[in-house]
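The values are calculated or read from the model by the stated rules, or taken from the named source; none is laboratory data. What you see is a predicted model, and the numbers here were worked out from it, not measured in a lab. A quick note on method: Cβ atoms are made from the backbone with ideal geometry, for glycine too, and the neighbour counts reach across all protein chains shown.
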Amino acid sequence: MSTPTTSFGREAAAAISRSKNEPSWLVAWREEAGELAATLELPKPEKTPIARWNLDVQGVHRPGKAVSSPAELPQAIASLLDAQSDAPVIVQHNSSVVFARLPEELKAKGVVLSSLEDAARTHEDLLRAHLMKAYEPNEHKLSAMHAALWNGGVFLYVPRGVEIEAPVQAILFADDAEATFVPHILVVADANSRVSVVENVTSSLGETEATLLHNGAVEVFAKAGAHVQYAAVHHMDSSAIDISYRRAVLDNDARIEWIIGDMHEGNVVADTLSVLKGNGSTSDAKVISVGTGSQRMSLTTRAVHFGRSSESDMVTRAVMKDEATAIINGISKIEKGATKANGQQTERVLMLSPKARGDANPILLIDEDDVKAGHAASVGQVNAEQVHYLMSRGITRTEAERLIIYGFLDPVVSEIPLEAAREQLQRILERKLG
Amino acid sequence: MSSLFEIRGLKSAIEGKEILKGFDLTMGAGEVHAIMGPNGTGKSTLASSIMGHPKYEVTEGEVFLEGEDVLEMGVDERARAGLFLAMQYPSEITGVTNADFLRSAINARRGEGNEISLIKFVRLMEGKMKELEMNPEFMHRYLNEGFSGGEKKRNEILQMMMLEPKLVILDEIDSGLDIDALKIVAAGVNAMRSPERSFLIITHYQRLLNYIKPDFVHVMMQGRIVKSGGPELAERLEAEGYDWVKEELGIVDETVGQA
């Protein structure tokens, strides 16, 4: 298997950075990443030969048009946000952030919501301490490329003890398949803070020969006692590739809740990892996906326990149609010393077509004796007994199957904390499930 | 029309093994019939075959509801025609709330353009749940998921009350119920008794029949009715068991399908 060769490297990375007038520390940082990108190999997700995908795509810098009010945003994303409310929101259009809104009251409390590019100037110390510390540039070629090329991006800082009630919404939108579309979302939730984030990745590419590569990453740092809820709905045109690495690092008693809808129409590598560093830290990851057409997906959830009495739960539910393939990996790892840790995981795949494929691979890696861990996995068709039960009450077969399939995904859909995002997910489901 | 519900010479098999061996029963409108019998005599097969469970293959016979041929209908059509089976083991369905499920079932009967309004539906469901002393939170719980045995049975009766069927089959609705729950379930059934509606009650025990008075009692053995009578038959079965019936009819093994 050959890794695509690329002309990209140290010089190219630095040149792009300088052309955007980035601060010198970041230019140097990008140079290093560019060098890694030229030497590192692609990651090798289980049973998913991504080397055959068109990943050798850097795109060109195509900033969107900055706007001063949500009404001026592209029509394609109008339904995603509530124009009337003043809830926190940030929008990336192609290669740049075009709109950000944060209520004064939150600014006064020290909350920061800006593009990551701006934050590189305004919050250098916080960035240098956190940016790509959980998802490191040297992991593989895609992480190095991400480090070298990330653009726009979101920086959210929630100060100690501050609780943000309304979810913070991040909309990442591309309508130019040739654009470099590499958003990085960095959330730093300081001690005992509370915040929910809702991320929408979406595109409107029309007919195109080009491959849009969304090489995105999310890093969440939850300091002691902080609670972060992170919901993401990804849905782009089938000509796009969705690469999404998500990482959370949890200090003592911190908590992360991942609520993920991997609903993309094209190929996907999604890898969601919680690092339970602190004692008493907890992670709850819920992922749903619907595979359609001939798309290939690698969906991985992982939890690594270092902290004593840390707890993780991971649930992935996927509905597979047509000729789609999903390789679903769940990895619960408990390190030596993480006594009383508890790692649980479930993978469920519902097969709606004989040509679809869904593999569930639950893995437990345990290096400590005094722990609990468990897994459950199943791959099957719509349960005939359930269909019969619903039909015996007068519901037609079609409607019974629809109820069961939507129900299968509901435990995640119903938990999306923002109504507009929940409705978007419903619309996508209706489109994908037919 | 003389009868509401009629079964003629019904034969049914599961995995190639014949369980019902020519079952006949005629029920008039407003009547309550009880079918009793030891385990393994085909009582639940009767219920499942009438409803059209895919595991059971009806090989012979006819079933009519108000003169309509039930066996020609799909499972959902049977339900919409007025058949209701309170199941012994109701399915659990993740992600489908009790309320969404029941609203779909009611609307399936009413047809497109004639759907029940949300507010009317909620009032109806709340009212019926109160009658059955069910916690209102069960409205938004996933269908039967995490319900205790007794809660599932109550939920079956709730569905019956909301769907207002013409012919109700209760398949061992009393199993797993304590006496208080049994009284509530029986009160729910009795509230539904009317001159237009008939009930077929399948049970092991006479206990349930203390609370729901049947008009007719039938004993089932070897896949068919072997003896019929009034409520006094149930009392005798409770007091003396089934052996006297077997002796009277010269039956050695009352069960079916136990090769």
Condition broken by A:L102, with the remaining ones in (1) free of Cβ contacts under 8 Å to residues at least 40 places away in the same chain; (2) farther than 19 Å from A:M236 by Cα; (3) out of contact with any strand residue (DSSP E or B) (no Cβ under 7 Å at 6 or more places or on another chain) satisfied: (3)
All positions within the stretch B:82-106 that are at the interface with chain A (Cβ under 9 Å from one of its Cβ atoms) and closer than 15 Å to B:P165 by Cα: B:L83, B:F84, B:L85, B:M87, B:L102, B:A105, B:I106
Taking the residues in the stretch B:1-27 that are closer than 23 Å to B:V217 by Cβ and among the small types (G, A, S) as candidates, determine which candidate is surrounded by the most Cβ atoms within 10 Å (Cβ to Cβ). B:S12
Which condition from (1) touching a residue at least 60 places away in the same chain (Cβ under 8 Å); (2) part of a loop (DSSP other than H, G, I, E, B); (3) crowded, with 17+ Cβ neighbours inside 10 Å is the one that A:E415 breaks? (3)
Scan the stretch A:354-397 for residues that are in contact (Cβ under 8 Å) with a residue 12 or more places away in the chain, more than 24 Å from A:S312 (Cα to Cα) and exposed (fewer than 15 other Cβ atoms within 10 Å of the Cβ) and jot them down. A:K355, A:G380, A:Q381
With B:G146, B:G176 as the choices, which residue is at positive phi and away from every other protein chain (no Cβ under 14 Å)? B:G176
Give the residues of the stretch B:61-92 that are assigned to a loop (DSSP other than H, G, I, E, B) and touching a Leu at 6+ places or on another chain (Cβ under 7 Å), sorted by residue number. B:E66, B:G82, B:E92
Among (1) touching a residue at least 24 places away in the same chain (Cβ under 8 Å); (2) more than 23 Å from B:L158 (Cβ to Cβ); (3) within 14 Å of another protein chain (Cβ to nearest Cβ); (4) in contact with a Lys or Arg (Cβ under 9 Å, 6 or more places away or on another chain), there is one condition B:K21 misses while meeting the rest; what is its number? (3)
So, B:E112, is that one in a loop (DSSP other than H, G, I, E, B) and on the phi > 0 side of the Ramachandran plot or not? no
B:M160 - would you say it is touching a strand residue (DSSP E or B) at 6+ places or on another chain (Cβ under 7 Å), in a helix (DSSP H, G or I) and not polar (S, T, N, Q)? yes
For residues that are under 20 Å from A:E401 (Cα atoms) and among the acidic types (D, E), scanning just the stretch B:69-81, find the one that is farthest from the other protein chains (Cβ to nearest Cβ). B:E77
Before we move on, is B:G95 in contact with a Pro (Cβ under 9 Å, 6 or more places away or on another chain), farther than 25 Å from B:A186 by Cα and free of Cβ contacts under 8 Å to residues at least 60 places away in the same chain? yes
Report the residue count in the stretch A:131-181 for those that are part of a strand (DSSP E or B) and of a type in the set (S, T, Y). 1
Which condition from (1) under 21 Å from A:A15 (Cα atoms); (2) surrounded by 22 or more Cβ atoms within 10 Å (Cβ to Cβ) is the one that A:R128 breaks? (2)
I'm told B:F147 meets every condition in (1) in a helix (DSSP H, G or I); (2) touching a Pro at 6+ places or on another chain (Cβ under 9 Å) except one. Can you identify the failing condition by its number? (1)
In the stretch A:372-395, residues that are more than 7 Å from chain B (Cβ to nearest Cβ) and part of a loop (DSSP other than H, G, I, E, B) total 3
Subset of the stretch A:274-296 (residues that are in contact (Cβ under 8 Å) with a residue 60 or more places away in the chain, under 24 Å from A:P411 (Cβ atoms) and either surrounded by 23 or more Cβ atoms within 10 Å (Cβ to Cβ) or not β-branched (V, I, T) (or both)): A:L276, A:K286, A:V287, A:I288, A:V290, A:G291
B:N144 of a type outside the set (A, V, I, L, M) and touching a Lys or Arg at 6+ places or on another chain (Cβ under 8 Å): yes
Out of curiosity, is B:T41 at pLDDT below 95, at negative phi, more than 14 Å from every other protein chain (Cβ to nearest Cβ) and crowded, with 23+ Cβ neighbours inside 10 Å? yes
Within the stretch A:398-408, count every residue that is under 12 Å from A:V319 (Cα atoms) and facing chain B (nearest Cβ under 7 Å). 4
Consider A:V412 carefully, then state whether it is away from chain B (no Cβ under 14 Å) and in contact with a Gly (Cβ under 8 Å, 6 or more places away or on another chain). no
Here the residues within the stretch A:240-279 that are within 13 Å of the chain's Cα centre (by Cα), among the aliphatic types (A, V, I, L, M) and more than 21 Å from A:A144 (Cα to Cα) are A:I259, A:I260, A:M263
Take the residues in the stretch A:86-117 that are of a type in the set (G, A, S) and either at pLDDT below 95 or assigned to a strand (DSSP E or B) (or both), then tell me which one is surrounded by the fewest Cβ atoms within 10 Å (Cβ to Cβ). A:A100
For residues in the stretch B:107-121 being small (G, A, S) and surrounded by fewer than 18 Cβ atoms within 10 Å (Cβ to Cβ), which is farthest from the other protein chains (Cβ to nearest Cβ)? B:S117
